[in-house]
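J.: To start, I am sharing the structure in question, which I have written as structure tokens.
We did not get these values from a lab; they are worked out from the coordinates using the rules stated. Source: prediction; values computed, not measured. As a convention, Cβ positions derive from the backbone with ideal geometry for all residues, glycine included, and neighbour counts pool all protein chains shown.
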Amino acid sequence: MSKGFIVLAQNTDDVDYVKQAYALALSIHATQSETAISIITNNNVPEEYQEVFDQIIPIPWTEGTDSRYVAEHRWKIYHVTPYDETIVLDTDMLMLEDINDWWWYCQDHDLLFCTQVLNYKGEIIDNSIYRKTFIANNLPSPYFALHYFKKSEQAEYFYKVLEFVVNNWAWCYGKLASEFYQDWLSMDLAAAIALELCGYNDRADICSPLRFVHMKPGVQGWQPIPASWQNTIPYSFTKAGQLTIGNIKQPYLFHYVEKDFIGVDIISKLKRLVNG
Amino acid sequence: MTTGALIFAQNTVGVDYVKLALFAARRVKEHLKIPVSLATDSFDWLKFYPDHTEVFDQIIPIVGNTNQLKKFYDGTLAFKTAEWKNLTRYQAYDITPYDRTLVLDSDYIINSDTLVKALNNDYSFQIFRKSFDLALDRNDKTFQRINQYSIPFYWGTVFIFEKTASTRSLFDLIEYIKQNWDYFRFIYKIETPTFRNDFAFSIAIHIMNGNTEGDFAQELPGLMTYTLDRDILVDMKNNKMKFLVEKAHYPGEYTLVSTNETDVHVMNKQSLTRFIDGGSGV
């Protein structure tokens with residue numbers, strides 16, 4: 001059974017998501033026993049980036065995009081992944097420690113979502129503040145930014161339902177997420193609705209080890225809530241690939257959120273770690 | 001292996017810590033059945049308490065001066081600013097006469113045998129992390145993390161340690177933090193320039209844990225139950241204590257609460273002193 005990570009990157013005028021995916025791939029090579037990572041993108045992948053990716057896969061069946069997070073293509077991940085077992089990640093993440101035990105846990109599942117995220121202090125985030133829609137509509141609370149699937153009937157079914165939800169999100173939100181209605185396509189909410197429609201609520205498993213540190217400023221327990229975590233708290237990324245924020249070492253998987261976090265300094269340190 | 005307690009008492013113009021230590025030591029001996037030693041720089045004061053030789057196992061000299069001042073409240077409406085001698089705690093490792101030592105503040109009043117189990121387990125370092133404010137509804141976030149940006153808060157008020165290489169490192173680290181307090185308070189975003197043992201212990205434990213959540217420090221059983229110096233000790237009989245605790249958002253107004261067989265950190269030293277002197281504490 002082949003295993004690998006996959007990430008979907010679509011550059012915008014403001015953000016170089018391919019570069020973020022490159023940094024993520026470097027961090028995976030620097031920390032993981034399973035190092036295969038493929039990128040799904042229609043953007044140009046610079047030559048120096050190409051060597052860290054197992055495969056560079058074009059986004060199939062492209063149409064126009066108009067949603068807030070350019071999310072429409074994410075249901076296609078299942079259909080293009082080259083791996084039997086896949087962990088899906090967002091581009092704006094860094095792997096900081098080996099998560100080999102996640103593969104071990106996930107192998108008994110066909111589909112598994114991260115449902116709990118931490119702030120940088122290691123506290124489980126109370127998502128009732130910003131996931132009102134999920135709670136009010138009795139939906140599961142998955143984080144699409146980190147999930148696992150195995151090539152299987154169940155996972156394929158889920159992704160087919162997800163395709164329907166993504167392509168008809170406004171209608172689905174109106175039917176199944178009408179309380180605290182969101183007027184944009186969010187993959188987390190689309191995945192929650194797809195899980196609900198499939199009857200797969202238990203795939204949002206609270207015991208799952210799939211977790212990441214989420215750096216959205218609003219969930220760090222700060223008052224007042226600042227616009228940027230980078231302007232609020234000191235952090236350092238060492239040559240050994242250790243990230244500390246407020247003198248607290250960050251574990252496993254780090255979702256930095258702020259697009260300007262990945263600079264030359266971090267990429268060059270990651271490159272040195274990978275290349276020795 | 002020897003086990004005992006160590007209480008620090010450094011008198012100031014405002015507070016007779018030796019008197020408090022004598023009171024606290026009797027409670028330790030009664031409930032925990034271990035000898036108690038006194039670490040002090042206030043030898044002249046011992047002559048006022050001739051029974052100290054019966055209470056204390058050993059009197060251990062320490063030298064520690066400070067130019068730190070602190071505002072000591074006595075209930076909500078009265079306070080005085082006085083010297084605060086708190087820079088010697090890191091010496092506990094070197095001066096304790098015991099292999100396994102319970103270190104406690106002189107204002108931590110033992111009313112139960114809760115700590116006996118902790119004295120008899122295998123952990124080399126135990127300390128309180130979780131706490132309980134008897135006032136219930138006051139903001140206790142300052143006792144959860146050293147500030148909203150930073151690391152978990154540990155109470156330097158009570159801890160148990162065994163002499164090992166790792167606890168040696170902890171106390172060395174605390175001394176280092178004390179010596180470089182301005183540096184550490186800057187990087188941990190601590191606003192007050194005043195050195196606090198709670199902060200130094202919290203930082204040292206965090207470092208010993210490799211800058212993450214770790215198990216270097218085990219938590220003492222139960223919670224650190226406390227009243228602030230804005231609260232008032234009303235009465236204490238057998239193992240029951242009564243307090244007037246300040247109402248949240250209503251300065252100067254109090255609620256009567258009582259405890260039974262609960263160890264309590266009584267931060268209002270003036271009130272505790274009045275009670276020891278035979279008054280009601282009010």
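J.: Going by a ≥ b ≥ c, the root eigenvalues of the Cα gyration tensor, does segment B:48-188 fall in the rounded group (a/c under 1.5), the prolate group (a/b larger than b/c) or the oblate group?
T.: Details: a/c = 1.26, a/b = 1.15, b/c = 1.09.
It comes out rounded by the Cα gyration axes.
J.: When Cβ neighbours within 10 Å are restricted to other protein chains, what is their mean count per residue of peptide B:141-149? Let's see the in-between values first.
T.: Working: counts 2, 0, 0, 2, 4, 0, 1, 6, 12.
Across B:141-149, the average partner-chain Cβ count within 10 Å equals 3.
J.: So for segment B:3-226, taking the charge dipole from beta-carbon charges (+1 Lys/Arg, -1 Asp/Glu), which of B:Phe79, B:Gln179, B:Thr66 sits furthest toward the positive end?
T.: Positive-end residue among those listed: B:Phe79.
J.: Between B:Val36, B:Val28, B:Val55, which gets the highest mean-square fluctuation from a Gaussian network model of chain B, Cα cutoff 10 Å?
T.: Checking each option, the largest mean-square fluctuation is seen for B:Val55.
J.: Give me P(r) over chain B, computed from all C-alpha to C-alpha distances, binned every 10 Å, as integer percentages.
T.: 6, 29, 39, 23, 3, 0
J.: Share of antiparallel DSSP beta bridges in segment B:3-226, in percent to the nearest 5? Numbers along the way, then the final one.
T.: On the way: 15 of 33 bridges.
So the antiparallel bridges in segment B:3-226 amount to around 45 percent.
J.: Anything over 19 Å Cα to Cα? Flag those among A:Lys216/A:Lys271; A:Lys121/A:Lys259; A:Lys121/B:Lys189; B:Lys33/B:Lys130; A:Lys121/B:Lys117, in the order listed. Show your work: numbers first, answer last.
T.: Values: A:Lys216/A:Lys271 26 Å; A:Lys121/A:Lys259 21 Å; A:Lys121/B:Lys189 14 Å; B:Lys33/B:Lys130 25 Å; A:Lys121/B:Lys117 31 Å.
Distance filter (> 19 Å) returns A:Lys216/A:Lys271; A:Lys121/A:Lys259; B:Lys33/B:Lys130; A:Lys121/B:Lys117.
J.: Could you give the distance between the Cα centres of segment B:226-282 and segment B:107-122, to the whole Å?
T.: 21 Å
J.: Please report the antiparallel percentage of DSSP beta bridges with both residues in the protein assembly as shown, rounded to the nearest 5. Please list the in-between numbers first.
T.: Numbers: 48 of 84 bridges.
Approximately 55 percent, going by the DSSP bridge assignments.
J.: Also, quick follow-up: Could you state, as a whole-number percent, how many of the C-alpha pairs of the protein assembly as shown are farther apart than 41 Å?
T.: On the way: 59676 of 155403 pairs.
The answer is 38 percent, as a whole percent.
J.: Using only helices, what value at 222 nm comes out for chain A when you add -39,500 (n - 2.57) per DSSP H run of length 4 or more and divide by the total residues, to the nearest 500 deg cm²/dmol?
T.: Values: 9 runs with 82 residues, N = 276.
Calculated at 222 nm, the ellipticity per residue is -8500 deg cm²/dmol.
J.: For the protein assembly as shown, give the magnitude of the charge dipole about the Cα centre (Cβ charges: +1 Lys/Arg, -1 Asp/Glu; no others), in debye to the nearest 20. Mind showing how you got there, number by number?
T.: Details: 52 positive and 69 negative charges, 306 e Å.
So the magnitude is around 1460 debye.
J.: Sort B:194-206, B:145-157 by the packing proxy (mean of other Cβ within 10 Å over each peptide's residues), most packed first.
T.: Ranking, from highest mean packing down: B:194-206, B:145-157.
J.: Additional query: Need the list of lysines near A:Lys151 for cross-linking: C-alpha distance under 27 angstrom, and skip anything on the same chain fewer than eight residues off.
T.: List returned: A:Lys3, A:Lys76, A:Lys160.
J.: May I ask you to list, by number, the DSSP H helices of chain B whose Cα span along the axis is at least 18 Å and whose average Kyte-Doolittle hydropathy reaches 0.0 or more? Display every interim value, and only then the final one.
T.: Details: long enough: B:17-32 (21 Å, 0.20); B:165-179 (21 Å, -0.09).
Span-like helices, by this rule, are B:17-32.
J.: Mean separation of Cα pairs under 8 Å and 6+ residues apart, divided by the residue count of chain A: what relative contact order is that in percent? Write out the running numbers ahead of the final one.
T.: Details: 485 pairs, mean separation 61.6, N = 276.
Rounded, it is 22 percent for chain A.
J.: Charges only on Cβ, +1 for Lys and Arg, -1 for Asp and Glu: so what's the dipole of segment B:3-226 about the Cα centre, in debye to the nearest 20?
T.: Values: 24 positive and 27 negative charges, 68 e Å.
Once rounded to the nearest 20, the dipole reads 320 debye.
J.: Select from A:Met1, A:Trp104, A:Tyr173 the residue farthest towards the positive end of the dipole of chain A; place +1 on Cβ of Lys and Arg, -1 on Cβ of Asp and Glu, and compute about the Cα centre.
T.: The Cα lying farthest towards the positive end belongs to A:Trp104.
J.: Where Lys and Arg each count +1 and Asp and Glu each count -1, what net charge lies around B:Val36 among other residues with Cβ under 12 Å from its Cβ? It would help to have the intermediate numbers written out before the result.
T.: Working: positive: B:Arg26, B:Arg27, B:Lys29, B:Lys33; negative: B:Glu30, B:Glu54, B:Asp57.
Result for the local shell: +1.
J.: Same structure, new question: Using only Cα atoms, locate the centre of segment A:73-150 and the centre of segment B:29-54, then give the distance between them in Å, rounded to an integer.
T.: Answer, in whole Å: 59.
J.: Right, something else. Ranking A:Val264, A:Val219, B:Val266, B:Val116 by Cβ neighbours within 10 Å, fewest first, what do you get? Intermediate results must be reported in sequence, preceding the final value.
T.: Working: A:Val264 7, A:Val219 21, B:Val266 28, B:Val116 13.
The order, fewest Cβ neighbours first, is A:Val264, B:Val116, A:Val219, B:Val266.
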